[in-house]
Amino acid sequence: MALKFIIAAPAAALALASAAFAQQSPRLADGAEARAMLLNVIDEVKVNRDQAFDMFNHGGGRFLNGDIYVFCTGAADGKFVAMGNANAKELLGQDVRTLKDATGKAFGQEIYAAGRKPEGEITEVSYLFAKPSDPKPAPKTSFVTRVDDDYACGVGYYK
């Protein structure tokens, strides 16, 4: 009987440690959460665009959920005005149309085209991009839409 307890105790400790480790890994948000965040982004930009962009650039709050975050570009020039991903702050001021993923896909062109469509039309763009929690490129889909004639914003989720 004592031998069974000695064998079972380490197994139970290992199971608890595995469960604790799994809880510490960052939670990935899903497509529904990304789309819902984009709708909040639209409202926020329409209320006070400059304050919204500042909030998005600082990250946190309701515009950073797990690994989903906001990005916005000028609808005409394609230059990033907001970037919620801490690993991609160097993109601020850069033209989105220049971006390609690790496979060579020109996803920036797709994001730009999506942001040129009529306001309220949401387009999905899939590509590889670094997560806020890991700079290694990962599969991502972004929802992108035009906001107030002058800007396009997107929120994506990692798969």
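The values are calculated or read from the model by the stated rules, or taken from the named source; none is laboratory data. Just so we're clear, the structure is a prediction, and the values are computed from it rather than from any experiment. Virtual Cβ from ideal backbone geometry, glycine too; neighbours counted across all protein chains shown.
Counted as qualifying within the range 44-159 are no strands (runs of 3 or more DSSP E), as none has 2 or more residues that are surrounded by fewer than 16 Cβ atoms within 10 Å (Cβ to Cβ), charged (D, E, K, R) and modelled with pLDDT of 95 or more.
Being over 20 Å from VAL41 (Cα atoms) and in contact (Cβ under 8 Å) with a residue 24 or more places away in the chain is a property that does not hold for PHE63.
Name the single residue that is farthest from ASN57 (Cα to Cα) among those in the range 132-159 being among the hydroxyl-bearing types (Ser, Thr, Tyr) and touching a helix residue (DSSP H, G or I) at 6+ places or on another chain (Cβ under 9 Å).
Per the criteria, the residue is THR141.
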